[in-house]
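The values are calculated or read from the model by the stated rules, or taken from the named source; none is laboratory data. Values in this document were obtained by computation on a predicted structure and should not be read as measured data. Reconstructed Cβ throughout: ideal geometry from the backbone, glycine too, with neighbour counts over all protein chains shown.
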Amino acid sequence: MELVQLGRKAREEAKKENGCPTDDVSPFNPPDPYAPPGQDLSVPTEELHPVLRAFRLEHEAFIKQLDTVEQVLNHVLERGPSNAADEALGVFFQCVENEVLPHNRREEEVLFPLMALRLKEAGEHSQTPEAVTGIDVLRADHLHVVQLSAVMLNFFGIAGRLPDRASQRMVIEAGIRQGKALVELLRLHMFREDEVLFSLAHKLLTAEDLAHLEAELG
């Protein structure tokens, strides 16, 4: 409960500084998304339960892919498409489909329901009639990842079939904008989970919860 209590106190101070009502800011969605309350209390990777550690380590591999695809998008924007860029984007889309989305589904099916329950028990939820937790923010991120991925893929697919370069360039630039939005969303989402979710899970989940996660995730 220590992390929850300290996080709540830090949120109240941050909300006052930003002129926000004191019941509307979540550590999953603070005024500064890369400076959530309680960030300094993040549990080191080596101290996390193995199930939670595995999720965080998967993020590290995904972040390397994001660094690569961001460089590719900037290259295409400056110099236009190339076979090497097409190949790198193909690898990225395969990573999203075969690794990122299955990772997200495992979180949604097993980790998120337990964490939503424990957050509500700890008082970490909105004061609205239907209690909303940070898990709802993370679920929304997952949906947005699917949407942006599909739009980005469609733009690049259409561009390759356009006959004139002006139209092709316009569609490619639209695809790049979607791609950069996707990269930023994934970075922010993984930051939220790495710095807030997994540390809260480490504190709030019971031994029975963690055993259930291990059994479900193998």
- Item | Subset of the range 14-70 that is more than 30 Å from Gly218 (Cβ to Cβ) and of a type in the set (A, V, I, L, M) - its residue that is modelled with the highest pLDDT | Ala35
- Which members of the range 166-187 meet the condition of being among the β-branched types (Val, Ile, Thr) and within 9 Å of Phe155 (Cβ to Cβ)? Val171, Ile172, Ile176
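Can you name the residue in the range 161-218 that is among the small types (Gly, Ala, Ser) and surrounded by fewer than 14 Cβ atoms within 10 Å (Cβ to Cβ) and, of all such residues, is nearest to His103 (Cα to Cα)?
At the first step, the residues of the range 161-218 found to be among the small types (Gly, Ala, Ser) are 166-167, 174-175, 179, 181, 199, 201, 207, 211, 215, 218.
Subset that is surrounded by fewer than 14 Cβ atoms within 10 Å (Cβ to Cβ): 166-167, 207, 211, 215, 218.
On the way: Ala166: 38, Ser167: 36, Ala207: 23, Ala211: 19, Ala215: 16, Gly218: 13 Å.
So the residue we want is Gly218.
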- Item | Any pair with Cβ under 7 angstrom, 6 or more apart, that starts in the range 205-218 at a residue that is in contact (Cβ under 8 Å) with a residue 60 or more places away in the chain and ends at one that is among the small types (Gly, Ala, Ser) | none
- What's the number of the condition Glu78 fails, among (1) of a type outside the set (Val, Ile, Thr); (2) over 24 Å from Ala211 (Cα atoms); (3) crowded, with 18+ Cβ neighbours inside 10 Å? (3)
- Of (1) within 20 Å of Glu70 (Cα to Cα); (2) modelled with pLDDT of 95 or more, Gly157 satisfies all except one. Which? (2)
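For Glu58, are the conditions met, namely being under 16 Å from the mean Cα position of the chain (by Cα), under 16 Å from Glu195 (Cβ atoms) and of a type outside the set (A, V, I, L, M, F, W, C)?
Values: under 16 Å from the mean Cα position of the chain (by Cα): yes; under 16 Å from Glu195 (Cβ atoms): yes; of a type outside the set (A, V, I, L, M, F, W, C): yes.
Yes.
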- Message: Among (1) at pLDDT 95 or above; (2) farther than 30 Å from Ile172 by Cβ; (3) among the acidic types (Asp, Glu), there is one condition Glu130 misses while meeting the rest; what is its number?
- Response: (1)
- Message: The conditions are (1) modelled with pLDDT under 95; (2) among the acidic types (Asp, Glu); (3) under 19 Å from the mean Cα position of the chain (by Cα), and Asp141 fails exactly one of them. Which is it?
- Response: (1)
- In this structure, is Ala140 closer than 23 Å to Cys95 by Cβ and surrounded by fewer than 20 Cβ atoms within 10 Å (Cβ to Cβ)? yes
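For the range 174-195, state whether one or more residues are of a type in the set (Phe, Trp, Tyr), assigned to a helix (DSSP H, G or I) and free of Cβ contacts under 8 Å to residues at least 60 places away in the same chain.
The answer is no; no qualifying residue exists.
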